[in-house]
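Step one of this worksheet: look at the structure below.
The values are calculated or read from the model by the stated rules, or taken from the named source; none is laboratory data. Keep in mind the model is a prediction, meaning the values are calculated, not measured. Positions of Cβ are backbone-derived with ideal geometry, glycine not excepted, and every protein chain shown enters the neighbour counts.
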Amino acid sequence: MPELPEVETVRRTLNQLVAGKTVEGVTITLPRILQRPAEPEQFADMLVGQTLQTIERRGKFLRFIFDGLVMVSHLRMEGRYGVYEKGDPVELHTHVIFHFDDGTELRYKDVRQFGTMHLFEPGDELLMPPLNKLGIEPLDDSFTLKSFMKILSHRTTKIKPLLLNQEYVVGLGNIYVDESLFTAGIHPEQTADSLKRSDWKRLYDAVRATLTRAVETGGSSIKSYVDGQGEMGMFQDELLVYGRKNEPCSRCGQSIEKTVVGGRGTHICTKCQPLRKPKASSLRS
């Protein structure tokens, strides 16, 4: 599933390719992708004549800002957008096509068919599902060590499932949680309330640095991900633990292990990320 760096990369590339264009028509061949409104004819009619001003991101969601509407789009497992010329062959599994008045088309392709699209009046999208319960953005100025700890440090849950919970911190998925925890030297099963203040500082820095570097390299093309121009990301070449089962740890040489935490496959170096027993006082420096 595309995570924050991949969605941010898609946002940036699509902004370069389609911002400023006006919708002339919409072709929909898989209506169940449409969540609001659910009727294909109504969805298409609402967008005709709308000019796309810009594309923004909220967590793993794209926000297409038109002059009178906002379309919220989630790529889910394998959804992808691409820009084509009118008349270009339509690839298999292309379910929605936005026809622009300059002869180009924005096409949404989704092999797994799990993606979603919602239309809202401007501003309403932040007050209603699926965006209304999202947590803080880890690359925004509002994401500080203080806010990070305030949200998570008192919880008795294992740290990895907490980081994956989009109601607390948005955009983190399996890849970047594993990478951040390794960089911070924290075991994914360590409970949040057992972490020291110094642990939180290392984890905060690791999350910011990992996501920033992943965005710089265009995200991770682990499976089928490509950006809005069809280009693969390159961060997978820099992954330290994710997908490196049985390979030597880059720090200590011990073999990377793969286990399951919170129902998710988890990569870890048990030497560099030892599981500590909780102590009575947790936030000691």
Checked the range 223-242 for anything more than 22 Å from residue 274 (Cβ to Cβ) and either at pLDDT 80 or above or in contact with a helix residue (DSSP H, G or I) (Cβ under 6 Å, 6 or more places away or on another chain) (or both); matches are 225, 227, 228, 229, 235, 236, 237, 238
| Filter pass, residue 142 being in a loop (DSSP other than H, G, I, E, B) and out of contact with any Leu (no Cβ under 6 Å at 6 or more places or on another chain) | yes
Log entry, pairs with first residue in the range 107-127 being in a loop (DSSP other than H, G, I, E, B), second being among the β-branched types (Val, Ile, Thr) and modelled with pLDDT of 95 or more, beta carbons closer than 9 Å, six or more apart or on different chains, reads 113/33; 114/33; 115/33; 115/96; 121/70; 122/65; 122/70; 123/70
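Consider residue 161 carefully, then state whether it is of a type outside the set (D, E, K, R) and assigned to a loop (DSSP other than H, G, I, E, B). Step through it out loud before you land on a result.
Numbers: of a type outside the set (D, E, K, R): yes; assigned to a loop (DSSP other than H, G, I, E, B): no.
Answer is no for this residue.
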**OP:** Say whether the condition of being within 22 Å of residue 168 (Cα to Cα) and assigned to a strand (DSSP E or B) is met by at least one residue in the range 74-87.
**Re:** yes
Screening 178, 205, 193, 199 for residues that are in a helix (DSSP H, G or I), closer than 27 Å to residue 111 by Cβ and at pLDDT 95 or above leaves only 178
Filtering the range 96-134 down to residues that are among the basic types (Lys, Arg) and either assigned by TED's automatic domain parsing to the domain that holds residue 21 or at pLDDT below 95 (or both) yields 107, 109, 112
Within the range 245-273, residues being surrounded by fewer than 18 Cβ atoms within 10 Å (Cβ to Cβ) and out of contact with any helix residue (DSSP H, G or I) (no Cβ under 6 Å at 6 or more places or on another chain) number 18
Check: Is it the case that the range 187-196 has a residue that's surrounded by 16 or more Cβ atoms within 10 Å (Cβ to Cβ), within 21 Å of the chain's Cα centre (by Cα) and of a type in the set (Ser, Thr, Tyr)?
Finding: no
